[in-house]
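Here's the structure, in structure tokens; my notes come after.
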Amino acid sequence: MAAPWQDVVRDAAAVREAAALAVDAALLAGVLMRTGEQPNASDVVNYAPFTLLPSAVPRALFEQAYAVQQDFNLLVDAISQNKEFLEQTLASTIKVDDFTARLFRIYMQVLEEGLVQTVFLGINRSDYMFDCGLDGTAALRQIEINTIAASFGGLTSRTADVHRLVLKVLGKTEEASHLLPNNPAKGLALGIAKAWELYGSQRAVVMFLVEEIQRNIFDQRCVENELWNRNIRVIRRRFRDVFEQGSLDGSRRLYMDGQEVAVVYYREGYVPQTYNQQNWEARLLLERSRAVKCPDIATQLAGTKKVQQELSRPGTLEKLLPGRPEAIARLRATFAGLYSLDEGEEGDRIAATAIADPDRFVLKPQREGGGNNLYGEELKQVLEKIKDSPERTSYILMDKIKPQPALNYLLRAHSPLHVSECISELGIFGVYVRQGQELVLNQAAGHLLRTKAIEHADGGVAAGVAVLDTPYLV
Ligand code: ADP
Ligand code: MG
């Protein structure tokens, strides 16, 4: 499934010229990030890293990923409403993983008090790799689903224009015309706007809950601006602002410095380092409120690696989505092998298998944001150390996906231009809105292709490993 420009990849002069032009095009198009030196100022910005060339993606797998997105939306929404499932699934994890345990405590506390939130908004991104079989055919395999702060829906809507220009410069005008339009930010904003409308207060605002360090602000601005275009007011606040200025009224409406908040869109809150005691209190305040949280805490828990692993157990999908055999078949077709490390014989057996053959697996803790998984020799060492301790249950094991590499250039500020063997990860954005029991919106909202050099086992764009890309369907 090579792209039709593997010939130009070796033409050094053409590549240099195209790369210079590509960087300027990216800056003009707004493929931007703040710099590491000045992460909270927009005075000096640079381009977000991206590939020189679009990467080949098998058309059938691309279409398969789009076709299953509404099913994943339904599934996540169903899990988030299934207390028994979340309780059972996370029981072993929360005994050993403090972060998941804290989230879970808030979840239980909010349920015990009684939910006042009636409108629910999910924005997720299901990520896949193309597993290359022994016979050379590729299969779509889900890596994970991100139910909180799934990013790059804004910047990615601008990379296709850059790649279109690059292809033209390289004499590939016909191919350039085949790059697909893509605007996840618009779809995300549509969902937020729908939730805002159903909340039903014209004066209320949408609050983006943002990080202390905001290097990726332009990606978020794409979504914000779509909301302003719809005359919906947006404010940006951090957890500490919520702690200092947030309050609830008697019917648990959320107020920030006097403004009522209809929707809280989290772009933060998925790593333990975010939370000091005050920020945990702020999170609890938000969760107790009537405001639409994207995601609510139950939906965040639905996105844990432990839940993903339990979904692959025979019979689980049937319990979560009764009467939907077709959706279940589509979902299951994307699953890679996933294994529980809970205490007992099943966990003992798979731990021993992984220690004997570590290159077949990835060891994953309950963390998000890249750089947490273990591979190869490190996987083996860690598993050997924890295999007889309860700590083992804070991890899951997953089959390692092995895509076919292709040559490309990763354009990164201050980095030399050199060719790399690369693999790609396709993400599909999903958006849904539920009012009470009625699903009023459920759709796929666009895609994101990220590409990295094969020497990096782990990590996304924000982690500095992968770069933005555009799929070229083959
Ligand atoms: P995170 O929540 O940190 O993003 P992921 O499960 O997405 O965790 O893993 C991070 C990265 O590790 C992925 O983007 C991918 O590059 C790599 N990775 C994860 N799972 C696998 C797997 N099963 N096979 C191969 N690579 C994987
Ligand atoms: Mg990921």
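Inside the range 94-153, residues that are buried (at least 17 other Cβ atoms within 10 Å of the Cβ) and under 19 Å from residue 60 (Cβ atoms) make up a count of 13. When 401, 386, 396, 428 are checked against the criterion of being out of contact with any strand residue (DSSP E or B) (no Cβ under 7 Å at 6 or more places or on another chain), of a type in the set (A, V, I, L, M) and either modelled with pLDDT under 95 or closer than 21 Å to residue 367 by Cα (or both), a single residue qualifies: 386.
Restricting attention to the range 363-408, the residues that are touching a residue at least 40 places away in the same chain (Cβ under 8 Å) and not small (Gly, Ala, Ser) add up to 25. Which of the residues belonging to the range 317-344 are more than 23 Å from the chain's Cα centre (by Cα), closer than 20 Å to residue 398 by Cβ and either more than 16 Å from ligand 1 (Cβ to nearest atom) or among the acidic types (Asp, Glu) (or both)? Hits for the range 317-344 are 342, 343, 344. Take the conditions (1) open to solvent by 10 Å² or more (accessible area, probe 1.4 Å); (2) touching a residue at least 60 places away in the same chain (Cβ under 8 Å); (3) under 29 Å from residue 270 (Cα atoms); residue 170 misses just one of them, which is (3).
Taking the criterion of being away from ligand 1 (no atom under 15 Å from the Cβ), among the charged types (D, E, K, R), in a helix (DSSP H, G or I) and surrounded by fewer than 16 Cβ atoms within 10 Å (Cβ to Cβ), the residues of the range 372-390 that qualify are 377, 384, 385.
Listed here are the residues, each with its yes/no results for (1) under 25 Å from residue 148 (Cβ atoms); (2) part of a loop (DSSP other than H, G, I, E, B).
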| residue | (1), (2) |
| --- | --- |
| 306 | yes, no |
| 314 | no, yes |
| 328 | yes, no |
| 339 | yes, no |
| 343 | no, yes |
| 349 | no, no |
| 355 | no, no |
| 363 | yes, no |
| 370 | yes, yes |
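Here residue 416 meets the list (1) within 28 Å of residue 20 (Cα to Cα); (2) touching a residue at least 24 places away in the same chain (Cβ under 8 Å); (3) open to solvent by 60 Å² or more (accessible area, probe 1.4 Å) almost entirely, failing just condition (2).
In the set 444, 406, 466, only one residue is buried (at least 18 other Cβ atoms within 10 Å of the Cβ), within 15 Å of the chain's Cα centre (by Cα) and closer than 30 Å to residue 8 by Cβ; that residue is 466. Considering 27, 61, 74, which residue is closer than 30 Å to residue 434 by Cα and open to solvent by 30 Å² or more (accessible area, probe 1.4 Å)? It is 74.
Would it be correct to say that residue 140 is within 21 Å of the chain's Cα centre (by Cα), under 21 Å from residue 368 (Cβ atoms) and assigned by the TED database to the domain that holds residue 269? For residue 140, the condition - within 21 Å of the chain's Cα centre (by Cα), under 21 Å from residue 368 (Cβ atoms) and assigned by the TED database to the domain that holds residue 269 - is not met.
Residues that are open to solvent by less than 10 Å² (accessible area, probe 1.4 Å) and touching a residue at least 60 places away in the same chain (Cβ under 8 Å) within the range 208-248 comprise 209, 217, 219, 220, 223, listed in sequence order.
Return yes or no: is residue 436 away from ligand 1 (no atom under 14 Å from the Cβ), open to solvent by less than 30 Å² (accessible area, probe 1.4 Å) and out of contact with any His (no Cβ under 9 Å at 6 or more places or on another chain)? So residue 436 fails the test. A single member of 393, 304, 353 is among the hydroxyl-bearing types (Ser, Thr, Tyr), more than 16 Å from ligand 1 (Cβ to nearest atom) and surrounded by 14 or more Cβ atoms within 10 Å (Cβ to Cβ), and it is 393. Is there a residue being more than 20 Å from residue 63 (Cα to Cα) and within 16 Å of ligand 2 (Cβ to nearest atom) anywhere in the range 170-189? No, the range 170-189 has no match at all. You will find that of 2, 56, 26, the residue that is in contact with a strand residue (DSSP E or B) (Cβ under 8 Å, 6 or more places away or on another chain), aliphatic (A, V, I, L, M) and in a loop (DSSP other than H, G, I, E, B) is 2 and no other. When residue 426 is tested against (1) closer than 30 Å to residue 180 by Cβ; (2) away from ligand 2 (no atom under 15 Å from the Cβ); (3) outside any loop (DSSP other than H, G, I, E, B), only condition (2) is not met. In the set 421, 425, only one residue is closer than 22 Å to residue 305 by Cβ, open to solvent by 20 Å² or more (accessible area, probe 1.4 Å) and assigned by the TED database to the domain that holds residue 150; that residue is 425.
The values are calculated or read from the model by the stated rules, or taken from the named source; none is laboratory data. Source: prediction; values computed, not measured. Because the Cβ atoms are built from the backbone with ideal geometry, glycine has one as well, and the counts that use them run over all protein chains shown. Accessible surface is based on the protein model in full, side chains and every heavy atom, while ligands, DNA and RNA are left aside. Shrake-Rupley method; radii C 1.70, N 1.55, O 1.52, S 1.80 Å.
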